[in-house]
Amino acid sequence: MSKKEYYPKRAMSIHAHPDDQEFTVAGTLARWVQSGCDVISVIVTSGEAGSNEPTRDADFKPELAKLREAEQSSANDELGIRETVFLHYPDGELEPSLNLRRELTRLIRKYRPEAVVIGDPQGLFYGNGYINHPDHRAAAQAALYAVFPSSETRLIFTELLDDGVEPHKVKRLYVHGSEKSDTWVNISTTISLKISALKKHASQLGNWDPEKMIREWAAEEGKEHCLKYAEAFKVMILSEEEDRG
Ligand SMILES: [Zn+2]
């Protein structure tokens with residue numbers, strides 16, 4: 001666990017669906033934004049499979065995609081995230097493909113984040129009640145290998161060079177949802193923002209108020225680390241250079 005708190009100057013948050021970021025890492029992102037960090041939010045699918053209403057069928061998906069993109073943009077506004085990128089991959093059918101890895105590599109090279117925030121590509125089960133959505137793992141795996149080695153290695157995806165996109169080395173990778181977390185970010189001052197951002201995803205929440213659950217999760221993460229509320233990560237330090245510490 002790092003002793004001094006780390007704040008990147010620029011970070012990229014990569015997730016499969018609208019709302020994933022708000023359920024998991026939004027408290028950390030809000031904290032970074034408040035320190036002056038520029039955050040780019042990348043959403044791989046638009047969550048257009050996120051409805052079980054019996055009257056709905058395939059025709060509803062473009063409409064739901066639009067709605068969920070708007071909800072994500074509102075959530076990002078709440079968190080102070082200025083840039084949101086939607087990649088429009090199919091919700092529920094995501095694979096950790098080379099195409100996806102190439103797209104994420106292109107974005108990392110374009111925006112040049114110091115830190116990248118993802119889910120855990122190894123997370124299959126959480127507790128005894130939740131099987132991790134395969135899209136979450138697919139997005140995380142593609143993002144992981146976009147960070148290393150693809151973004152920093154000049155001769156991987158050389159077509160990106162033809163587009164004028166130069167290699168970039170990410171310095172830290174924050175992996176949320178790991179069973180081997182080693183870093184706890186204090187979100188005590190940003191948990192309210194996390195909750196209000198999450199509430200922007202009204203199409204998914206219905207009448208359910210997520211506040212109690214989010215506070216319980218964050219309290220649980222923080223309790224052994226003297227933090228009222230925390231988000232836990234496994235952090236890969238890929239380069240020590242230019243850290244502000
Ligand atoms: Zn999700």
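The values are calculated or read from the model by the stated rules, or taken from the named source; none is laboratory data. Computed from a predicted structure; not experimentally measured. In this analysis, Cβ positions are derived from the backbone assuming ideal geometry, glycine residues included, and neighbour counts consider all displayed protein chains. Just so you know, the surface numbers come from the protein's heavy atoms only, side chains and all, with ligands and any DNA or RNA stripped out. Shrake-Rupley method; radii C 1.70, N 1.55, O 1.52, S 1.80 Å.
Observations
- Total residues in the stretch 138-153, condition away from the ligand (no atom under 16 Å from the Cβ) and either in contact with a helix residue (DSSP H, G or I) (Cβ under 6 Å, 6 or more places away or on another chain) or over 16 Å from R101 (Cβ atoms) (or both): 4
- Residue pairs meeting the criteria (Cβ under 7 Å; at least 6 apart or on separate chains; first over 18 Å from A230 (Cα atoms), in the stretch 12-29; second part of a helix (DSSP H, G or I) and near the ligand (Cβ under 8 Å from one of its atoms)): A16/D135; A16/H136; H17/D135
- Close Cβ contacts (under 7 Å, 6 or more residues apart or on different chains) running from residues in the stretch 180-192 that are free of Cβ contacts under 8 Å to residues at least 60 places away in the same chain and over 20 Å from D209 (Cα atoms) to residues that are assigned to a strand (DSSP E or B) and open to solvent by less than 60 Å² (accessible area, probe 1.4 Å) comprise S181/A232; S181/F233.
- Failed condition for V175, given (1) open to solvent by 20 Å² or more (accessible area, probe 1.4 Å); (2) not in a helix (DSSP H, G or I): (1)
- Screening the candidates D182, D135 for the property of being acidic (D, E) and away from the ligand (no atom under 16 Å from the Cβ) yields one hit, D182.
- Residues located in the stretch 155-172, provided they are loosely packed, with under 15 Cβ neighbours inside 10 Å and out of contact with any helix residue (DSSP H, G or I) (no Cβ under 7 Å at 6 or more places or on another chain): L155, T158, E159, L161, D162, D163, G164
- Note on the stretch 123-179: residues that are on the phi > 0 side of the Ramachandran plot and touching a residue at least 12 places away in the same chain (Cβ under 8 Å) total 2.
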